[in-house]
Amino acid sequence: MTETNSLIGAVLAHRYRIDAPLGSGTGNSDVFEATDIRSRKRLVLRVSAAESLVDLDAGVLTASDGVELFKRQTQLLAGLAHASLALIEDWGTESIAGTQYVFTALESYQGGTLRQILDRGRRLTPSQALVAGLDVCRALHFLHGKGWVHGDVRPANIFLGDDGRVRLAGLGLKRMVDAQQLSVEQANYAAPEIASGEQPSPQSDVYSLAVTLLETITGAVPFVGETAAITLANRVGKLLPVSADLGPIAAPLERAGRPDARERFSALEFGKALAGIAEKMPLPTPIEPLAAASFAAVIEQKEAEHTGEIARPKIDVTQDVTRPINPTTSATTSTMVIKDATKDEPIVIVSESEERRHKRIWVIGAVIALLVAGVIGFRFVVKPTHTVPPLAGVIEGEARNVIAPNGWTVVIVTERNDDIPAGSVVRTEPSEGTDLQEGKTLTIVVSEGPNFATLPDIAGVDAQSALDQLTALGLVVTARETNSEEIPAGVVMGWSVPEQPGLNPGDQLLRGTAVDVLVSVGPALRQVPTLVGLKLEDAQKLVADLQLALLETPAAKSNGADRGLIGAQSPIPGEQVARGTEIAYSISLGPDLVELPYVVGNRLDTVKARLEEAGFVVGAITGNQSGKLKQAVIAGKSVKNRTMVARGATVDLVFP
């Protein structure tokens, strides 16, 4: 960490003037209030000495290595844009008095931090803590989805924006966590697994948020010890002491703060749990922000710039002026609250230039008095109105957050809707765009999900008709075809609902539910068996078992079967046929013999012509084909001219 006071007044990058300390950052950084001297805009600067970035365990061996790592990671962080994250506006390096520093410039949120609110003795109601927790859960879910772990969720890193929404800050370059090196402040919110040397994880961020929210409600951090190590040791194996007196928020806090990281919510689950109990909670009042600078402080700063004065007492006269949670652009809908200024102690300003200063203070006092009188008078006469925002399609919990600052009485009505997901807003009454006074009733119609459909009895119905019926009911139909020996092709055999297997015809289910329909394509195909060579009675039994039929044709000679056996069939064996198909057969009258022509001793042309004319097939030819045929071979046996052989046999030719 840097020497905090030595940097006050320093200007970084010829632009950012360090004005006052805000506290410590992530262990190796300091946080300051600062001013952009070009735009006069207020900022928050997070400053680290380059030497503090050295981390031998992480391979960061020198300050130069640390600066390079800072540049790479900050470039990545600067690209993370989310409504619930503090915006990184700039970053860089600077050398001051021979020491190199790195810095990030963050947007300044004038409502202060939760730490500042707690330090002033203020607490949040459970409803206010729920709203703040939802915003931080959104930020953490976004970060975790991008592969980042925050590692330092605590009140000092949660800012209250001008719009009433909280912003999570403190995401930056962090060293490898060593439980022995944590500050007491950091240890107060660290998860118990950090004590055993584990590094921060998404689940440890959730634990830290649970402790933070518990403190905002009760004002106390559980298990705090005299040192960081004692605090962490006190937490190991212990549940967060969340009292049931906190109401519905107690259960989500208990789950998020369990000692075993595996049993905790994810950030998304934590946010959903908080949103789920929102309707059971009282309507939250806006979190009253802290003003970051008073009129008198600004006057003194200007005076110091002109007179060269270095230090003046800071006087806060803005404690009675509270910024609206949702500032609007219309004067007729202002929700500014001004407290009774007569209850404060008198303010005495000591100055070396009394006359000039008194004149300025009197002018400011007069302006404030007029503002107080005017605004209070206006609010007593006219109740502020707000325009009903577009909420259709928004999740109910988020919708409640949006309208929470408007002071309406909210009534939730549910109905089924085929187009809007369950838990999301269908419409509002009055409708969006309508001006509605504070205290009036806004009815939010929330979807319970799609309408129900009644399952028809479609078993035995024509498949196309059944599919049309189910589709018309808004169900998602998947048809599967299968064989059936009993149910005709094209008829529904049965159906099932995978998500609700116990349903019967007449039961109700949600539109959009998947239904599987089983459609018959008739009996399975049969494979034609081999009948040639079988006795007729054996063939009849085989065919009957396959639910096929036989068709007798005239007996004929056959070279494939002995006399009296089946000698031929059609279709041929192995062919796929429908159930009941007839297989034609004929009984063999014995071999079909024919005389081998005079071929041996003749030349090739003559041999081929005579064999083909007699119905034989010319097979392999070997030897010197220019000579005369030496031998005719059928089925491996030499055959002489004019021998009786099977008709159509293949004849191999052997030449010398």
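Quick notes
- Proxy reagent accessibility, fewest Cβ within 10 Å first, across 144, 150: 144, 150
- Pairwise centroid distance, computed over Cα atoms, of the range 496-541 with the range 81-145, Å: 64
- Computed over the range 526-588: relative contact order in percent, which uses C-alpha pairs under 8 Å that are six or more apart: 46
- Considered as an equivalent ellipsoid built on the Cα gyration tensor, the range 4-107 has semi-axes of 22, 18, 12 Å, the largest given first.
- Kirkwood Rh and Cα Rg combined as Rg over Rh, evaluated for the range 385-447: 0.95
- When its C-alpha radius of gyration is set against 2.2 N^0.38 Å (N residues), the range 593-654 gives a value of 0.96.
- Rounded to whole numbers, the Karplus 3J(HN,Hα) couplings from phi for the range 190-199 are 7, 6, x, 5, 4, 5, 8, x, 6, 7 Hz, using 6.51 cos²θ - 1.76 cosθ + 1.60 with θ = phi - 60°, and x at Gly and Pro.
- Intensity falloff of the range 452-520 expressed as log10 I(q)/I(0), Debye formula with alpha-carbon point scatterers, at q = 0.12, 0.17, 0.26 Å⁻¹: -0.27, -0.53, -1.18
- The HN-Hα couplings worked out from phi for the range 33-47 by the Karplus form 6.51 cos²θ - 1.76 cosθ + 1.60 (θ = phi - 60°) are 6, 8, 10, 7, 6, 7, 9, 6, 7, 7, 9, 10, 10, 10, 10 Hz, whole numbers, x standing for Gly and Pro.
- Across all directions, the average projected area of the convex hull around the alpha carbons of the range 210-266 is 4.1 nm².
- Placing a pseudo-label 7 Å from each Cα along the Cα-to-Cβ vector at residue 5 and residue 577 gives an inter-label distance of 10.9 nm.
- Neighbours of residue 592, meaning other residues whose beta-carbon lies under 10 angstrom from its beta-carbon, give a summed charge of +2 when Lys and Arg score +1 and Asp and Glu score -1.
- Highest to lowest packing among 495-504, 261-270, scored as the average C-beta count within 10 Å: 261-270, 495-504
- Stretching the chain fully between residue 239 and residue 56 yields a gain of 62.4 nm (0.36 nm per residue, less the alpha carbon separation).
- Pairs from 41/146; 608/637; 557/628; 71/146 whose Cα-Cα separation, in the structure shown, is over 23 Å: 41/146; 557/628
- Its Cα gyration tensor gives the range 65-222 an equivalent ellipsoid. The semi-axes, each the square root of 5 times an eigenvalue, are 25, 19, 16 Å from largest down.
- In terms of the mean number of neighbouring beta-carbon atoms within 10 Å, the peptides 133-141, 637-645 order highest first as 133-141, 637-645.
- At full extension, residue 489 and residue 553 could sit 19.8 nm farther apart than now, given 0.36 nm per residue minus the alpha carbon distance.
FYI, it's all coordinate maths here, none of it is from the lab. Small disclaimer: the values here were computed from a predicted structure and weren't measured. In this analysis, Cβ positions are derived from the backbone assuming ideal geometry, glycine residues included, and neighbour counts consider all displayed protein chains.
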